[in-house]
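Written out below as structure tokens is the structure these notes cover.
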Amino acid sequence: MVQRIGGFRRKTRFKLQKGIREKGKVSLSKYFQKFEVGDKVCLKAEPSVHKGMYFPRFHGKVGEVSRRRGFCYEVTIKDGNKQKMLIVHPVHMKRE
């Protein structure tokens with residue numbers, strides 16, 4: 001069987017890196033923020049929290065919250081001509 005080279009965070013050295021003044025613990029208000037269906041959100045990954053992180057290709061995209069799914073939210077984004085649905089934890093989202 002072929003061995004896979006690289007994983008989920010492959011080639012993301014700078015994309016998933018915090019700035020020097022952003023380092024430290026994640027604030028609880030950011031971790032537990034609430035969103036409503038139809039809210040516009042920007043996908044901005046929090047590198048220190050791996051749970052609920054989307055695929056890094058979608059970093060910086062703007063999407064719309066379609067519904068809640070457990071602790072996370074379903075966010076629909078447009079990738080080229082296709083609509084895609086991502087499951088994202090609120091710590092990786094920012095209000096647009």
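Worth a mention:
- J(HN,Hα) series, region 37-53, from Karplus relation 6.51 cos²θ - 1.76 cosθ + 1.60, nearest Hz, glycine and proline x: 5, x, 5, 8, 10, 9, 7, 10, 5, 9, x, 7, 10, 8, 5, x, 7
- 3J(HN,Hα) along region 79-96, derived from phi through the Karplus expression 6.51 cos²θ - 1.76 cosθ + 1.60 where θ = phi - 60°, amounts to 10, x, 9, 9, 8, 10, 10, 10, 9, 10, 6, x, 5, 9, 10, 9, 4, 8 Hz, with x in place of Gly and Pro.
- Cβ-based net charge around Phe58, under 9 Å, with every Lys or Arg adding one and every Asp or Glu removing one: +2
- In sequence order, calculated HN-Hα J values of region 60-69 (Karplus, 6.51, -1.76, 1.60; Hz; x Gly/Pro): x, 6, 9, x, 10, 6, 9, 6, 8, 9
- The chain: proportion of alpha-carbon pairs further apart than 16 angstrom, %: 57 percent
- Counting protein heavy atoms only, the chain has 53 percent of its accessible area on carbon and sulfur, 1.4 angstrom probe.
- Other-chain or far-sequence residues with amide H under 5 Å of Gly52's (modelled H): none
- Overall form of region 43-96: oblate. Here a/c, set by the Cα gyration tensor axes a ≥ b ≥ c, is 1.5 or more, and a/b is not larger than b/c.
The values are calculated or read from the model by the stated rules, or taken from the named source; none is laboratory data. Not measured: the values here are computed from a predicted model. Here the Cβ is made from the backbone with ideal geometry for all residues, glycine too, and neighbour counts use every protein chain on show. The accessibility values were calculated without ligands, DNA or RNA, using every heavy atom of the protein model including side chains. Shrake-Rupley method; radii C 1.70, N 1.55, O 1.52, S 1.80 Å.
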